[in-house]
Amino acid sequence: MTDQAAKATMLKAADYRLVNLARGERLTIRNTHGAHGVGGFIWRAANTSERLNVADTMKIQGSTAIGRGSALFSDMGRMLAVMAEDSCGHHDMLVGGSTRASAAAASGRGNWRPNARDHMRSAAAKLGLKRADLGSCIVFFAAVSVGDDGTIRYEANRIRPGTHVCLEALENVHVVLSNTVHPLAEAQGLEPCEVELIVSSAPASAYQERDAFPTVEQRRAFDNKEMA
Amino acid sequence: MVQHSQTRDARAEPQWRFAWRVPARAPWSGVIHRGETLRIIDLFGSQAVDTLFYAASARGERYCAQTTVRTQRNIYVRRGTVLMSNEDRPMLTVIADTLNDHDTSAGCCSKESNSVRYGAETRHQHACRENFLSELSRYDMGKADMVSNLNFFMRVPVLADGSFAIVDGLSRPGTYIDLRAEMDVICVLSNCPQMNNPCNAYNPTPIEVKIATVPTSP
Ligand SMILES: [Zn+2]
């Protein structure tokens, strides 16, 4: 397989994007300016009732921290995508994206601002889906720590400009990305900034073979690919 | 002395309008009206109870784990936690809790995730997701209505390095949690049948659910 010409576009601050990826294609998010959060949600194109399940993603891989080589699991015991590259190391699945309430609180005057939940609802609607078709989401480039007592904190200094993540699709998927800051960063007064999106075909070294996956759980999920 | 007797009256056994023993491995659902209290009792200890809530008036509004965590700035559910909806509204408040630190991030077990976590030979086993789907169908709801749930009486600590694993339950026989409804809600729960990890001490047991017409605590 040859690496075809990659398409790069800017995703402006406070905007969202719906990206269709065929199995094997890659979506790279370049966080050039150090944005504190890009919300993401994924549906399987062949059957949109199958979608990102962050609980299974954390539980199956035994960690709230995902990074290079981690898979994003659906609710059907399958991997929708794998994080083929990650130079950031901080992604949140416990707190999720901003909402009308978090945005209104952060604005200080109760004003409406673009937020991840509204973005994802709009994206879902454009696929003919409803609010019920959205579950808990992932926020890339967001550093959330958990204390012994369960307290969550935002660690702003861990997010640096110039990092990127790359998702490789393992099924044909719809991905929505919301370029709005993580709600805990929003509460600290941090503002969104543009990120670059690049869609490309996967290199030959990609994760389309069972043996490419390091863990037994990922290999079992690979075996579920052909199940109804 | 008068003060004392008033306190005792306030703590008198509440008026339960409903009580039901949910068999091991079984689902249950019911409507809790605003101002009423739902009590869930772990009768025999160490029994996970996977639970979801829906607004009775508009079922697209439902419990949202991430909004709940964000709002209280803590990942555990305990006395004082307000369970939030996907419309940023309070659904229920934890007004009594004899355990504390219930999970709401690890989701429920399913045949599909069992096949991944424990091998294809466990796929035939019953799972919470099956309970949820069959119970939700009675309200004309389905898979899209299933989201990250509450896991009452289940502990999933997050360590400094992000590790995340279900550990032995600390819940003793008779442990309970009381939730006051802030809106009319449908509760759908699964008395977890999981046999492959310690969430049910490898022995699923019955639980009891009760509904009181008033809050059971101030
Ligand atoms: Zn279960």
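Relative contact order, whole percent, for chain B stands at 42, derived from Cα pairs under 8 Å and 6 or more residues apart. Given R₀ = 45 Å, FRET efficiency for residue B:201-residue A:156 by Cβ-Cβ distance, to 0.05? In this case the efficiency is close to 0.60.
Per residue of chain A, the DSSP helices (runs of n ≥ 4 H) give a summed -39500 (n - 2.57) that works out to -4500 deg cm²/dmol at 222 nm. For chain B, a simple Cβ point-charge model (Lys and Arg +1, Asp and Glu -1, everything else neutral) yields a dipole of about 180 debye relative to the Cα centre.
Take the Cα radius of gyration of the protein assembly as shown and divide it by 2.2 N^0.38 Å, N being the number of residues; the result is 0.97.
Measuring nothing but how far apart in sequence close Cα pairs (under 8 Å, 6+ apart) lie, relative to its length, chain A scores a relative contact order of 41 percent. For the range A:42-118, the list of trypsin sites (Lys or Arg not before Pro) that fall in a loop by DSSP and count at most 14 other C-beta atoms within 10 angstrom reads A:68, A:109. Loop-located chymotrypsin sites (Phe, Trp or Tyr not before Pro) across the range A:102-191 with a Cβ neighbour count of 11 or fewer within 10 Å are A:112, with loop assigned by DSSP.
Note on residue A:18 and residue B:160: the model spin-label points, each 7 Å out from Cα along the C-beta direction, lie 4.5 nm apart. Are there trypsin sites (Lys or Arg not before Pro) in the range B:118-165 that DSSP marks as loop and that have at most 12 other Cβ atoms within 10 Å, and which are they? Sites meeting the loop and neighbour criteria: B:138. Each of A:198, B:207, A:159 was scored by other Cβ atoms within 10 Å of its Cβ. Arranged with the fewest first, they read A:198, A:159, B:207. Would you mind checking the pairs A:59/A:225; A:130/B:210; A:59/A:126 and listing those with alpha carbons more than 23 angstrom apart? From the list (A:59/A:225; A:130/B:210; A:59/A:126), the Cα-Cα distance tops 23 Å for A:130/B:210; A:59/A:126. Between residue B:213 and residue B:100, the distance separating the two model label sites (each 7 Å from Cα on the Cα→Cβ line) works out to 3.4 nm. Can you give the Rg/Rh ratio of chain B, where Rg is from the C-alpha atoms and Rh is the Kirkwood radius? My calculation puts Rg/Rh at 0.97. Compared with the direct C-alpha span, the chain from residue B:59 to residue B:121 gains 18.8 nm at full extension, assuming 0.36 nm per residue.
Spin-label pair residue B:139-residue A:188: with each label point 7 Å from Cα along the Cα-Cβ axis, the two points sit 3.8 nm from one another.
Read-outs: derived from the displayed coordinates by stated rules, not from any lab. For clarity, every value in this text was computed on a predicted model and none was experimentally measured. For neighbour counting, all protein chains shown are included, and Cβ atoms are generated from backbone atoms with ideal geometry for every residue, glycine included.
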